[in-house]
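Report on the following structure.
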Amino acid sequence: MKYQVPRYLGIQDVQRTKKNSYVLNVGFSDHLSKKVQVDSEAMEVLKFFLQAKTANAAKKNFSWSDAKTQEVLEGLKTAKLLVEVPKRPKKYERYDRHSLFYQLGDLNGLEAQKILSQKKVALIGAGGIGNWVGLNLIGAGFKEIRIIDFDRVELTNLTRQVLFDEKDLGKLKTEVAAKALQKKNTQTKVRPVEMKVTSAKELKKVLKGMDFVILSADRPEKIHDWVDEACQALQIPYLNIGYRDGEGVVGPMTVPGKTSCYQCFKSQTSEDKTKDHSSAEIQNLFDDRYQAPSFGPLNALVSTVGSLEVIKYFTGLGELRSLDTEISVNALTLEWRHHSYHRDAHCWHCQSDSL
Ligand SMILES: [Zn+2]
């Protein structure tokens, strides 16, 4: 095992205070920066460990006893000035900067990457959000990304659906997106599934074996109910990502057996209203000409926050914020809101004994 002063730890300046004493001003941000006082001997040890070295090499270099070696290493590790550097398989080389980020979040960078490389994620919807989430996930090194959609690329998609080009007009989104993503990382299997979802039963077939589902389709009208039903039956967590007027929405993240489900959510957000014929007709007329405004930067923003939540879910990085919570951002004011939902103790869906 080798040890090294963490590569993510930057240094602002070093001041020599006395003949044998230095103050290191390390880190650049409020949450990481600190002043570390070291004597000249400790400074030599830090300098030694700027490159990855074994404990034995340090023992030999400084003529320490075993006990002294252990004591120095433990002290530096506790002060977060030294981390273990595991032997990294060559296939993980490309994830080096991500691994450093996981280290920054107090994880073992290699272990976090190993976890991701074993997870399969399905994207329901290959539109503005599916495109950006796909980009984030292919970079992060998942085992498989399965893209489910039936649409073809249109001219009006090109403002935000970043995996498509003008030459792709008329082609299947799943095929074009899969090809574009696959080119970026051959370690991840990218599987396009051309499918117009019409029931939870169909979804169950295509989602079987997946470890996570991203829902970014808002049609057909029942899609959220079907995804909820399929994921509940298969015990797969899923995350809703979308937009509503000028707001981008991430969450809630639904984890079967742990969080509220969509049916709990629905009962807290809507009332059952019976409509007369004329009201229904007006509603249909409005719905028929409705076109959701979809904006590139907002798509990117919520997709990226959603991707971050998925990585956090699997690795334990930082803090998950979308469990039982809808995170929304107003694109016009950049105001973020967190709206919490609780699990309905009498929910017919997630509290059912048959699960
Ligand atoms: Zn429920």
Taking K and R as +1 and D and E as -1, what net charge do the other residues with C-beta under 14 Å from the C-beta of GLU319 add up to?
-1
Solvent exposure ordering (accessible area, 1.4 Å, most first) of HIS338, HIS31:
HIS31, HIS338
Would you mind telling me the share, in percent, of accessible area of the stretch 2-85 contributed by carbon and sulfur at probe 1.4 angstrom?
50 percent
CD proxy, 222 nm, the chain: helix-only mean residue ellipticity via -39,500 (n - 2.57) per DSSP H run with n ≥ 4, per residue, nearest 500, stands at -11500 deg cm²/dmol
By how many nm would the segment from LYS91 to THR198 lengthen if fully extended, with 0.36 nm per residue of separation less the alpha-carbon distance?
34.6 nm
Given a 10 angstrom Cα cut-off, can you work out which residue in VAL310, VAL329, VAL38 is the most mobile in a GNM of the chain?
VAL38
Accessible-area ranking of LYS167, LYS114, largest first, probe 1.4 Å:
LYS167, LYS114
Report, in listed order, any pair from LYS80/LYS114; LYS34/LYS114; LYS114/LYS189 with a Cα-Cα distance greater than 19 Å.
LYS80/LYS114; LYS34/LYS114
Once GLN37 and LYS80 are pulled to full extension, the length gained, defined as 0.36 nm per residue separation minus their Cα-Cα distance, is 14.1 nm
So, counting K/R as plus one and D/E as minus one, what does the shell of residues with Cβ under 13 Å around TYR92 add up to?
+4
What does the net charge come to around LYS114 if you take all other residues with beta carbon closer than 12 Å to its beta carbon, with K and R at +1 and D and E at -1?
+3
Principal axes first, then extents: for the Cα atoms of the chain, list largest minus smallest coordinate on each axis, whole Å, largest first.
89, 47, 44
Mean projection area, nm², convex hull over Cα of the stretch 1-131
10.9 nm²
Cα atoms only: what Rg and Dmax, in Å, come out for the stretch 201-271?
12.0, 35
In the stretch 245-355, carbon and sulfur make up what percent of the accessible area (probe 1.4 Å)?
52 percent
Per residue, how much accessible area does the stretch 1-123 show when a 1.4 Å probe rolls over the protein heavy atoms, in square angstrom?
62 Å²
Once you have the Cα-Cα distance between ARG219 and LYS143, take 0.36 nm times their residue separation minus that, and quote the gain in nm to one decimal.
24.6 nm
For the pair LYS258/ILE11, report the inter-label distance in nm, with labels modelled 7 Å from Cα in the Cβ direction.
4.0 nm
Show ASP106, ASP149 ordered by accessible area, largest first, where the area counts protein heavy atoms only and the probe is 1.4 Å.
ASP106, ASP149
How much accessible surface does THR333 have with a 1.4 Å probe, in Å² rounded to 10?
90 Å²
Which FRET efficiency, nearest 0.05, do GLN351 and GLU281 yield, Cβ-Cβ r, R0 41 Å?
0.65
Could you calculate the FRET efficiency of PHE48 with ASP288 from 1/(1 + (r/R0)^6), where r is the beta carbon distance between them and R0 is 56 Å, rounded to 0.05?
0.20
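The values are calculated or read from the model by the stated rules, or taken from the named source; none is laboratory data. Please read all numbers here as calculations on a predicted model, not as lab measurements. Neighbour counts are summed over all protein chains in view; Cβ atoms, including those assigned to glycine, are modelled from backbone coordinates with ideal geometry. Note: areas computed on protein heavy atoms with side chains; ligands, DNA, RNA excluded. Shrake-Rupley method; radii C 1.70, N 1.55, O 1.52, S 1.80 Å.
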